[in-house]
Protein chains: 2
Amino acid sequence: MDPDEAWARVRSARVARMATVTPSNRPHVIPFVFALFERDPDRVVYWVVDRKPKRSRDLKRIRNLLENPAVEFVVDGYDEDWTRLWWVRCSGTARVVDDARERHEALHALQEKYKQYRDTPEDGPVVAVDIATIDGWAARAPRSPRPSAAPPA
Amino acid sequence: MDPDEAWARVRSARVARMATVTPSNRPHVIPFVFALFERDPDRVVYWVVDRKPKRSRDLKRIRNLLENPAVEFVVDGYDEDWTRLWWVRCSGTARVVDDARERHEALHALQEKYKQYRDTPEDGPVVAVDIATIDGWAARAPRSPRPSAAPPA
């Protein structure tokens with residue numbers, strides 16, 4: 001998958017799943033919603049820690065992140081037609097956003113993407129993932145014109 | 001979420017995302033299809049490495065797994081109505097299935113669940129994840145009768 005197509009799929013994905021490494025070297029994975037911020041050549045994904053449920057667990061997650069900030073996340077499309085399967089994977093480094101302006105921009109980007117955040121603005125910590133690499137795969141090439149094929153006899 | 005409900009959601013999920021830790025202590029995450037095998041009290045998830053694409057990468061993934069066999073995977077439901085969000089997370093230990101009978105049962109379970117595997121049987125390595133813990137969350141309690149609520153004024 002070419003990089004433009006891979007970024008387009010990250011940009012439009014409504015949910016992704018993020019893996020981190022705990023202090024005891026175990027993998028940890030969560031679904032999360034995010035906004036992709038693109039300031040060429042930098043690409044940053046922002047997510048905000050929910051203020052409502054499980055506050056102590058969320059803070060633990062952030063402490064873990066600061067101890068080993070390596071992050072990988074994946075967006076993918078599942079379809080019962082396995083010729084339509086695809087995924088895009090990004091790896092990068094997480095940090096808690098301290099800068100007030102960057103935090104404002106991140107929350108704005110999240111509210112632009114998710115009306116759910118417009119109804120109930122978040123006040124939890126914002127985490128940025130500075131993306132270093134992107135990699136994508138599709139069972140068949142996206143958008144490419146395919147030769148018309150007769151159904152199997 | 002109670003354990004029975006959590007297991008039911010793992011059982012019926014068509015896809016999950018699995019996190020592992022690489023030899024350089026970085027997180028790695030992939031979407032995968034799987035079958036849950038239940039022999040009380042043991043629960044094992046099986047997946048089979050695709051034979052077709054990216055064989056060398058897949059073998060690398062297995063080597064990584066054997067070096068640090070800790071695995072966590074998540075199944076989840078995304079919905080634009082965020083009161084319907086949920087996830088179930090399992091952590092466990094991965095191993096390559098060497099026993100011929102276990103391999104046969106695993107491939108059978110995968111073919112029962114996915115007709116796609118009936119059309120084109122897999123011949124790659126089968127990986128088992130012996131599940132140690134399960135944890136689930138739903139934005140609202142599943143299936144529980146809710147008091148009827150008037151819409152906000």
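The values are calculated or read from the model by the stated rules, or taken from the named source; none is laboratory data. The structure presented is a predicted model; accordingly, all values stated were derived computationally and were not measured. Positions of Cβ are generated from backbone atoms using ideal geometry, with glycine treated the same way; all protein chains shown enter the neighbour counts.
Residues checked against (1) within 14 Å of chain B (Cβ to nearest Cβ); (2) among the hydrophobic types (A, V, I, L, M, F, W, C):
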{"residue": "A:Asp4", "(1), (2)": "no, no"}
{"residue": "A:Ala8", "(1), (2)": "no, yes"}
{"residue": "A:Arg11", "(1), (2)": "no, no"}
{"residue": "A:Ala19", "(1), (2)": "yes, yes"}
{"residue": "A:Ile30", "(1), (2)": "yes, yes"}
{"residue": "A:Arg61", "(1), (2)": "yes, no"}
{"residue": "A:Asn64", "(1), (2)": "yes, no"}
{"residue": "A:Glu67", "(1), (2)": "yes, no"}
{"residue": "A:Val75", "(1), (2)": "yes, yes"}
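There is at least one residue in the range B:113-120 that is farther than 25 Å from A:Pro27 by Cα, of a type outside the set (D, E, K, R) and at pLDDT 95 or above. Please verify whether B:Leu85 is more than 18 Å from B:Val126 (Cα to Cα) and touching a Pro at 6+ places or on another chain (Cβ under 9 Å), treating the condition exactly as stated. The answer is yes for B:Leu85. Any residue in the range A:133-141 that is basic (Lys, Arg), within 12 Å of chain B (Cβ to nearest Cβ) and surrounded by fewer than 16 Cβ atoms within 10 Å (Cβ to Cβ)? Yes, the range A:133-141 has at least one match.
For the range A:121-128, indicate whether the set of residues that are in a strand (DSSP E or B), at pLDDT 95 or above, more than 12 Å from chain B (Cβ to nearest Cβ) and touching a Cys at 6+ places or on another chain (Cβ under 9 Å) is non-empty. No - not one qualifying residue is present in the range A:121-128.
Listed here are the residues, each with its yes/no results for (1) modelled with pLDDT of 95 or more; (2) within 18 Å of the chain's Cα centre (by Cα).
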| residue | (1), (2) |
| --- | --- |
| A:Pro41 | no, yes |
| A:Asp50 | no, yes |
| A:Arg57 | no, no |
| A:Lys60 | no, no |
| A:Cys90 | yes, yes |
| A:Arg101 | yes, no |
| A:His104 | yes, no |
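Between residues in the range B:1-29 that are without any contact (Cβ under 8 Å) to a residue 12 or more places away in the chain and polar (S, T, N, Q) and residues that are surrounded by 15 or more Cβ atoms within 10 Å (Cβ to Cβ) and in a helix (DSSP H, G or I), which pairs lie under 8 Å by C-beta distance while being six or more apart or on different chains? Correct list of pairs: empty, since none qualify.
Buried (at least 20 other Cβ atoms within 10 Å of the Cβ), within 11 Å of another protein chain (Cβ to nearest Cβ) and either in contact with an Asp or Glu (Cβ under 9 Å, 6 or more places away or on another chain) or closer than 18 Å to A:Ser12 by Cα (or both), is that true of A:Val44? For A:Val44, the condition - buried (at least 20 other Cβ atoms within 10 Å of the Cβ), within 11 Å of another protein chain (Cβ to nearest Cβ) and either in contact with an Asp or Glu (Cβ under 9 Å, 6 or more places away or on another chain) or closer than 18 Å to A:Ser12 by Cα (or both) - is not met. Out of the strands (runs of 3 or more DSSP E) lying entirely within the range A:6-118, which hold 2 or more residues that are over 30 Å from B:Ser91 (Cα atoms)? Result: A:35-39, A:42-48. Being surrounded by fewer than 16 Cβ atoms within 10 Å (Cβ to Cβ), of a type in the set (Lys, Arg), under 18 Å from B:Gly136 (Cα atoms) and free of Cβ contacts under 8 Å to residues at least 60 places away in the same chain holds for only one residue in B:Arg84, B:Arg39, B:Arg101, and it is B:Arg84.
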